[in-house]
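Notes follow once the structure below has been shown.
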Amino acid sequence: MFKPETYISRRNALRAELSSGIAIFPGNTEASFNYPANTYHFRQDSTFSYFFGLNQPDLAGIIDIDKGQDILFGNDVDMDDIIWMGPQPSIADRGSLAGISHTQQLAAFDEYIKDALSNGREVHFLPPYRGETKIQLSELLGIAVKDLKASASVELIKGVVKLRSIKSEEEIAEIEKMVDVAYLMHTTAMKMAHPGIVEQEIAGTVEGIALANAGPVSFPVILSINGQTLHNHYHGNTLTEGRMMVVDCGCESEETLYSSDITRTVPVGGRFSQRQKEIYEIVLKANLNAIEAIKPGIKYREVHMLAARTIAEELTKLGLMKGNPADAVAAGAHALFFPHGLGHMMGMDVHDMENLGENYVGYDEETVRATQFGTAFLRLGRTLQPGFVLTVEPGIYFIPALIDQWKAEGKYTEFINYEKVETYKDFGGIRIEDDVLVTVTGNRVLGKPIPKTVAEIEELMKR
Ligand code: GLY
């Protein structure tokens, strides 16, 4: 946990964003895996953690805007709990860690809310994403589960997004530690990426590095020689010469929950073929051009479009695309190869605050989400501010089913050289991703640099 002052000042900052009423923050409970007592690894709700810092199940918090007080709710343990879990701090002690002097047992959370409702006070809540919390809120507030998302407080969502979007020095330090663990995960994966090894062996090793050095992986490890499938979680292939291995993974701090999210793509065996090198250099150029453009005041959608133009220009030079690259990008033809967004906000959630609504996090009144295939998937489009942490992850993929569909439909024949694209259907995909902080003057790539150029990767993988 950070010092109590951090949580006090975050709660005070939120109070200033809300006009009246109470804001309620149910922490996460344990979630069962295959029978009630066998639970998933406990993961606290990120917003609860942001304002209250505590990383145990069955806690809840209320920020009372009208009364100017914060209350932490949770049960003191009994002898049964002590026998199974060991001695635990009292709820009053946990409260003091978060800078809270008002603590009550968990049952009082419901009473506080019922009392507020019966007095006609506004009860602000965030859209719940877990079944347990949906049931809890539905029963407490008398709102059908299906209507909870639409009934959530937009004022609270916007206030939370405003605060959590700007990372403080202590948050940046936590993220950077996680990127440094990702360095170990990725360099180990690179060294293991030789013919004959099964993807599972590398994926398991990488996950173990996360657990041994930080905490759980921040999302299920994406690792595959079939990188043309963007989020490939199948790890049963044996690595063979001629394929490229995409590894997209990161970890999160067990205690504070800040994350990392890095992607590297390497040639199995450690030497790029000419064809691999040509495509790799294009993705790298898109990654570097995008990073160079990141600064306060620029819209991330512009940076995304810059990466798309880089890809289209270079694929045109290579003969996979044709015509005017700027026109091709404006029409959306590049999305055959780059069918996703350049990146997303990152923080306590690897897609930061996505549970609050992607458009509240990534868009605003002046930047409305595009509808065109490819650009529509960009999670962050709005103007960048110092303190944002975001991912930069361009890619080029040869997705046989998509190529077949577009070709059959005669799509963008003025911009795509389908005859040549056909010869790349066995290529796979390449993605290169870094975690970047927007600074007052520009940006800073976080963490220890992870090999990224052709020469750096070939050097590291040399046996
Ligand atoms: N790196 C995985 C994701 O952004 O979804």
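FYI, it's all coordinate maths here, none of it is from the lab. Computed from a prediction, not measured in an experiment: that's the story for all the values here. Because the Cβ atoms are built from the backbone with ideal geometry, glycine has one as well, and the counts that use them run over all protein chains shown.
Below, the figures for the structure above:
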item	result
Around residue 49: net Lys/Arg minus Asp/Glu count, Cβ-Cβ under 15 Å	-3
Additional length obtainable on full extension of the chain from residue 118 to residue 255, 0.36 nm per residue less Cα span	45.6 nm
Dimensionless Rg ratio for the stretch 129-252, taking C-alpha atoms and the 2.2 N^0.38 Å reference	1.45
Calculated SAXS-style log₁₀ I(q)/I(0) at q = 0.18, 0.22, 0.29 Å⁻¹ - the stretch 396-463, Debye, Cα scatterers	-0.81, -0.92, -1.29
Neighbour-count order for 206, 368, 246, fewest beta carbons within 10 angstrom listed first	368, 206, 246
Members of 322/425; 167/299; 67/167 lying beyond 20 Å, as alpha-carbon distances in this model show	67/167
The chain, relative contact order [Cα under 8 Å, separation at least 6], %	14
Cα centroid of the stretch 33-47 to Cα centroid of the stretch 386-463, whole Å	34
Ranked list, fewest to most other Cβ atoms within 10 Å of each Cβ, for 367, 453	453, 367
R0 of 30 Å, Cβ-Cβ distance residue 139-residue 101: FRET efficiency to nearest 0.05	0.55
Point-charge dipole on Cβ atoms (K/R +1, D/E -1) for the chain, about Cα centre, debye to 20	1480
Partner aspartates and glutamates for residue 134 [C-alpha distance under 15 Å; skip if fewer than 8 residues away on the same chain]	30, 45, 58, 110, 147
Mean projected area in nm² (Cα convex hull; one quarter of hull surface) for the chain	23.6
Rounded Å value of the spacing that divides the Cα centres of the stretch 115-194 and the stretch 1-32	11
Share, in percent, of DSSP beta bridges within the stretch 43-198 that are antiparallel, nearest 5	65
Relative contact order (%) - criterion: Cα under 8 Å, at least six apart; region: the stretch 377-463	37
Sorted largest first, extent of the stretch 306-463 alpha carbons per principal axis (Å)	50, 45, 28
Value of relative contact order over the stretch 261-410, rounded to a whole percent, pairs C-alpha under 8 Å and six or more apart	29
Ascending count of other beta-carbon atoms within 10 Å, so fewest first, for 138, 19	19, 138
Over 30 Å (Cα to Cα) - which of 420/452; 191/420; 191/411; 277/448 fall in this group	191/420; 191/411
Within the stretch 237-387, percent of DSSP bridges classed antiparallel, to nearest 5	100
Cα gyration tensor shape for the stretch 181-234, rounded if a/c is under 1.5, else prolate or oblate	oblate
Cross-link reach list, aspartates and glutamates versus residue 407, counting only Cα pairs under 15 Å and skipping chain neighbours closer than eight places	419, 422
√(5λ) per eigenvalue of the Cα gyration tensor, the stretch 10-137, largest first, Å	25, 17, 14
Inter-probe distance in nm under a simple model that places probes 7 Å from Cα toward Cβ, at residue 414 and residue 88	6.6
